[in-house]
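Some notes on the structure that comes next.
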Amino acid sequence: MGGLAAEINELKTHDHICLIYQTREEQLAAVVPFVQIGLEKGEKCVCIVDENTSEIIENELAKAGGDVERYLTAGALVILTKHEAYLNEGAFEPSEMIKFLTKTISEAKSEGFKALRVTSEMTWVLGLESGNERLAEYENKLNELFQDSDVLGICQYDIEHLDPEIIHQAIYTHPLVIYKGRVWNNFQYLSPDMLLGENKGQLHIDAAFTGMMAANTSQEKLQKTNRMLNLIRACNEIIVRAKEEKQLIDDICHFIVAQGGYKLVWIGFAGHDKEKTVEPVAEVGFEKDYLEKANIVWADTEREREPTGAAIRTGKPVACLDILHDPSCKPWRVEAIKLGYQSSLALPLTVDSKVIGALNIYSQEPFFFDEDEIDLLVELANDVGFGIHSIRTENERIQAEKALHESQAQLIEAQSLSKIGSWSWIIETDTVAWSAEMYTLTGLDENLSPPAYAELSSCYTDQSWNMLQQAVDRAMRLGEPYELELDVVRPDGKIRNTRTLGEAVWDQEGRITRLHGTAQDVTERKQAEEESKSVEKAQTKTLALLQNIYDTAPLGMAFLDTDLRYVRINNTLAEINGIPVKDHIGKTVSEVLPDVAQSVEPLFRRILETKEPVLDTEIEGATPARPGDSRRWLCNYYPVIGSDGDVLGLELIVDEITERKRTEEQIEQLSRFPFENPAPVFRVGKDDKMIYANPASDPLLAEWGTAVDQEAPDFLRDLVAKVLPSGKIEKDIELKHEDKTFSFTVAPVAKDNYANFYGVDINNRKIFEQGLRLSELTLANMNEGVNLVKADTGTIVYTNPKFEQMFGYERDEMLGKNISVVNAPTDKSPEEVVRETKKALEKKNVWRGEVHNIRKDGTLFWSHATVSTFNHPDYGPVVAAIQEDITERKQAEGDIRRNSERLERAQRVARMGFLDWHIKTNEIELSDEVIDLFGLSKDKKLITPDLVVEVVHPDDREFVQKNLEQAVRGEKKYNIDHRILRPDGTILWMQSQGELTRDSEGEPDTLLGTVVDITDRKRAEAQIKLLNEGLEERVRIRTAALETANRDLEAFTYSVSHDLRAPLRAVDGFARIIKQDYQDVLDIEGNRLLDIVMNSALNMGRLIDDLLTFSRSGRKEVKKSSIDSDRVIQSVFDEQNLLEPGRDIFLNKHKLSVVQADPAMIKQVWENLISNAIKFTNKKKRAQIEIGSFERGDQDVFWIKDNGVGFDMKYKDKLFALFERLHTDKDCPGTGVG
């Protein structure tokens, strides 16, 4: 509603209005809305007509959308003639008319109406021979009646036909006047006292002067208002054209001064510094340095309570109408008066609901700003704020678009790097959209459109397609998201493993309109996982073996952390200490072994500081195992260093040598009493003579042909010559005598120039070594490769079949060769390799690690080797190596490393990372990308769950906490958007997702999460929302226009129904009369032309009927119910078939759906379709019509076919257009409407 109708809608009870009109259009433009509004408000409306008829009024009200028949029947609308009202007694009597209206008001109230609304045409006055002079009396009495009664009315005066004196009286007697499409307050109105009272002369004079002054005041006010409106309009043009903010505010200030007649205009923005200063950003018309001297701020202090600061603080306009006397202007009054400023106005500038500054206007006249001007200047300030907002929004939109484009490019790159494609399926149109990576994943041609949903079956294995269909069905029906692992079949037959995610998207009405999601190629990951599982299985087996070796090793072993607390300890060392394994863990050395700790803790601290091992150190002390018993251990201590170079702890290897030391002491005692030793003991001097021999040595000396004081055999002399200079003890020197074998230890005594030989019977050990040979049969059947190499030369002396298979050699090709033939080429010689191996094994009897090898065919591969030494009965000291081929594991590790690097790069590009929360320990683990996004310290030790929670924006913390709790309870998946507040004050939007894992008992264990920076997307969405809001406004405007068009269509339909049928019936009727009465008189051509007229009238009638049916279908309310399509279609066909007697028409119905629809409307649809099918098959001997249906998503689609004339497919778009026909009327008659 707008224009005059809107102003009439504002009229109230007691209003007495005069309508001055020249044309009927002007008259009805006021009368129709006046009556229509009254009827809608529940008021009784009385129309008194003269020149117009009741039919005209009824038709006009019907055009306006009123239900005229209902109003007339209910008595809400009464249309009277002048004789039924003004001239009821044959002549006009004002008092009788007043009585009539008084009675009508009373009846309206008693009938339940809110008020009486009356309008009358005053042209009846033209027919009076006398009584015109009493018209003013009547109008004054109406004013008195209207003041005291629930009534309002319009008196209609035709300025074209009524005497000017009557018009003049009408203006004087009505407080309100409708003229030229507006409702005016009437300054010429004279009250009843002025017109009829005793002092009406003086009152006329007073009214004249009052009117004159009011007119002058109004003229001045109007001029000022016009000036302001012109100023606002011109400023709005500047705002519309401005592209830069600085240009906008400069031009606005210039124009306000130039066109507004003001002394000074400046704009200041509110600063957010400590003093809250106001920074001038645009100014025109001031003396230099005035604003700097003013030093304006917006803080709430005495000086700062000046208009500009107050306007910024309060968001309201602040006027200083008299700077000379206003106390708030005291601090800068002197400077203002010097420059001629007498009054000022500060207007807040608001951008996006926030005050950013003020527009300040100064005048050289005091009290220059009145309320109306202030209101208009407020409007101007709001427009300037809107202009600034628009420019900033546009700049933000441009930046957002740029960021969006960059984000999209990054997303495409990230998708390519991480092999993630995105897809979307619009259900209604069956339209599928793919990103480029989807084509790579499926192997389809990216130049072709993505396949429709139903066509995707060829892209998956049967099992995967069934899984996808079930998930999509649940998503469409229930809105359930899904996550699947599917196998994609490429055109070349290769199968790729994918991880597919999908979720539903709802419209505003709660309907699922599309699905979207992602698909990631995880083939390499799956392969790596399988390989990793295999490697992990082998590693688990190896670890179990190592753990078994660790637990059962004859040496004591333990690992201490940097606080010297036991982290791990084997059974051997625990038994040495005399304390169970579990009672060691977490305790310090001083807590477990207080007696030993005093000697070892300083040593341990030094190792932690220097990172250097301490080897072959003898420690003596007592343990809880044998308190009070002094024991001795040979210890090796190694620092354990992490990948970052920090010491993680200490590895201890302890060998109990208490008994050995006691044996050595016993040997030493035996050396003092060799005569009692049952084993051979003898001494050889530097001079090569036998110095001493105990009785047990006699058989050997006899065999060697020597005795005491005689020369020793050569091999004894060589041993003495070897050990005396070096001072080292030689062990395991084997000598045989008869059926015994002795192992001698040669101990030099340098100061006395001799060496002692101590023999031990080793027959039992020899028997053991023979058993070792038997164990070689076991080696031959091992799954690991085994080889033996002489320790001094590196010569291969034994290989088992697995070793030969691993390296591609036959046994004969390897035996006798140096071990370097199977080692990958290095810059070291075989001799250096042998020396380094021996050196490594001297420190630790067993070495384990990875070895790079070369096969006979030259291919390189990796193996894991366990290397140790022992004395072989045939080969002497040998190096034994057990090797397992780990090439596949190394490749898998490489693939995993490359994929990890690729994933890290993708995360960095896509600004995403992981965040894992270990629920039981309340520990949190963040990737480097998340740490950067959150702005946290790089030291991960300082990052705690509480610190991460603090990063969440305060307004979002409760929301995030609630969703986390629901996810941990298993009530929903963790998938939310929220804000974070970085330490530097930056606010970013994050999309957080998490997947809950549980322990073996089903309890929540870890929330594995990902975090993605979606700030750019959120900005883009905000911009789109802003654009959509503008779109909604345009839709609202177009909807209003559409409603107007619908009303016009209804009026047209009414006109067609009532106005076109009558002349059409007349044409047809007269044509038939002529045909019946004058057929013989007319010639052949005349009869033909008459037939054309009658047929045209018949066609026109059908067209009107079709049009009315068509228009009603668009306005009729849809009332849905369950419809049996089979029954409805059969019923319609039977009815239509009866209208075609003699024709052979066959209907073939397929299975038809039961649907929800309006019964009448769906029947009309089938009547149109089936009647058309029958009509367009009229040339066929046997007409065939076929109807069926199928489901598409949540919709039922019906189809109909016939064997009629058909149509050219290039005209298919015209098929359902109004009045469009694809065949001539001769072939198939019709109107093109149904």
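We did not get these values from a lab; they are worked out from the coordinates using the rules stated. What you see is a predicted model, and the numbers here were worked out from it, not measured in a lab. Neighbour counts are summed over all protein chains in view; Cβ atoms, including those assigned to glycine, are modelled from backbone coordinates with ideal geometry.
Couplings for region 1135-1142, taken from phi via the Karplus curve 6.51 cos²θ - 1.76 cosθ + 1.60 with θ = phi - 60°, read 5, 5, 5, 5, 7, 10, x, x Hz in order; Gly and Pro are left as x. Compute log10 of I(q)/I(0) for region 361-490 with the Debye formula, placing one identical point scatterer on every Cα and leaving out solvent, at q = 0.11, 0.16, 0.20 Å⁻¹, to two decimals. Taken in order of the listed q values, log10 I(q)/I(0) reads -0.62, -0.96, -1.21. Cross-link pairs exceeding 27 Å in C-alpha to C-alpha distance, out of LYS402/LYS938; LYS224/LYS316; LYS82/LYS103; LYS274/LYS354; LYS419/LYS962; LYS274/LYS402, comprise LYS402/LYS938; LYS419/LYS962; LYS274/LYS402.
A straight Cα-to-Cα reach below 20 Å connects LYS537 with the aspartates and glutamates GLU524, GLU529, GLU784, GLU850, GLU884, ASP885, GLU888, GLU893, ASP895, residues fewer than 8 places away in its own chain not being considered.
Can you list the residues, at least 5 places off or on another chain, whose amide H is less than 5 Å from the amide H of ILE1014, using H built in the peptide plane? Here the answer is TRP989, MET990, GLN991, since their amide H atoms fall under 5 Å of that of ILE1014. Using the Cβ of VAL489 as centre and a radius below 15 Å, the other residues enclosed give a net charge of -3, where K and R count +1 and D and E count -1. How big is the gap, in Å, between the Cα center of region 583-631 and the Cα center of region 783-814? Centre-to-centre distance over Cα atoms comes out at 42 Å.
Which of the GluC sites (Glu not before Pro) found in region 73-159 are loop residues per DSSP with 13 or fewer other Cβ atoms within 10 Å of their Cβ? Walk me through the numbers on the way to the answer.
Numbers: sites: GLU84, GLU89, GLU96, GLU107, GLU111, GLU121, GLU129, GLU133, GLU137, GLU139, GLU144; in loops: GLU89, GLU111, GLU129.
Passing sites in region 73-159 are GLU89, GLU111, GLU129.
Looking at region 784-875, the GluC sites (Glu not before Pro) that sit in a DSSP loop and have at most 13 other Cβ atoms within 10 Å of their own Cβ are GLU810. Just need log10 I(q)/I(0) for region 1116-1214 at q = 0.15, 0.16 Å⁻¹, Debye formula, equal scatterers on the alpha-carbon atoms, no solvent, rounded to two decimals. The Cα Debye sum returns log10 ratios of -0.67, -0.75. Working from Cα pairs under 8 Å separated by at least six residues, relative contact order for region 3-197 is 34 percent.
What number does region 31-129 give for Rg over Rh if you use C-alpha atoms and the Kirkwood radius?
Numbers: Rg = 13.6 Å, Rh = 14.0 Å.
That ratio equals 0.97.
Enclosing the Cα atoms of region 3-197 in their convex hull gives a volume equal to 113 cubic angstrom per residue.
Restricting region 554-599 to trypsin sites (Lys or Arg not before Pro) that sit in a DSSP loop and have at most 16 other Cβ atoms within 10 Å of their own Cβ leaves LYS587.
Which percent of Cα-Cα pairs in region 911-1013 sits in each 5 Å bin, short to long? Whole-percent P(r) values from 0 Å outward: 2, 13, 24, 28, 20, 9, 4, 1, 0. Whole Å is fine, so just give me how far the alpha carbon centre of region 45-103 lies from that of region 504-525. First find each Cα centre; the distance between them is then 66 Å.
Beta carbons within 10 angstrom, averaged per residue: use that to sort the peptides 595-602, 31-38, 1008-1015, 1123-1130, highest first.
On the way: 595-602: 15.4, 31-38: 22.8, 1008-1015: 19.6, 1123-1130: 16.9.
By packing density, highest mean first, the sequence is 31-38, 1008-1015, 1123-1130, 595-602.
If one computes P(r) from the Cα atoms of region 553-656, what percent of pairs lie at distances over 19 Å? Write out the running numbers ahead of the final one.
Numbers: 1959 of 5356 pairs.
Result for the distance tail: 37 percent.
Every pair of different Cα atoms in region 237-397 enters the Kirkwood calculation, which places the hydrodynamic radius at 15.7 Å.
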